[in-house]
Each structure stands twice: as C-alpha cells, then as structure tokens.
Amino acid sequence: MTASHLLVPVPIPDRVAALIGSCIPPHILRAELDAACAAREVRRFRGPRLCAEDQADREQALSELARANKVLAAHHPRLPVRPGSTW
C-alpha cells in the first residue's frame, strides 16, 4: 500500500507529454489552458479593497474561468480548476 503524500513528483518528458496531449481533444486542451490563465488572473485581483476597474477585471476572469470549467467538467468531473489550486 502506498501513501499519496509519500510519492515524489517526477517530471514528464516532452515526448510523453505530447503523446498524452494528442489523446485529449483540442477543445479540452484549450479549455484547460483558458482555465489556468483565468485562475491566475483571479488570484491577481485579491485584496480587501479593489477599485471598480479591478473588480470588473476580476469578474471577467471569474466568468472566463466558469466558462472553461464548464467545458472541462463536461469532459471529466475532476478537471475543473479552482482559483486557489496549485494547478
């Protein structure tokens, strides 16, 4: 029996990553990239007081994240990205 917290992350060679990527539909790969970028944007606009422009930008990033997550969740329920996740 292995414990997941004892596993060491191992880098994936580029050829293996390309092979994995070739098995995933292009719209899912695009949604994954869009979700990661939107989550990064959401994290950027954190703070107790945001100006109106920053609030609008954060809301835009949240809507893009929700749109991308909807596509990812339709493909597999564990794929959606959260703003606070390390993904």
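Coordinate-derived values only; no laboratory data. Just so we're clear, the structure is a prediction, and the values are computed from it rather than from any experiment. Cβ: placed from backbone, ideal geometry, glycine included. Neighbour counts: every protein chain shown.
The rows are residues; the columns are (1) touching a residue at least 40 places away in the same chain (Cβ under 8 Å); (2) touching a strand residue (DSSP E or B) at 6+ places or on another chain (Cβ under 9 Å); (3) loosely packed, with under 10 Cβ neighbours inside 10 Å.
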| residue | (1), (2), (3) |
| --- | --- |
| VAL8 | no, no, yes |
| ARG15 | no, no, yes |
| ALA36 | yes, no, no |
| ASP57 | no, no, no |
* ARG49 being in contact (Cβ under 8 Å) with a residue 12 or more places away in the chain and basic (Lys, Arg) -> no
Scanning the range 36-53 residue by residue, those touching a Lys or Arg at 6+ places or on another chain (Cβ under 9 Å) and not β-branched (Val, Ile, Thr) turn out to be ALA38, ALA39, GLU41, ARG44, PHE45, ARG46, LEU50
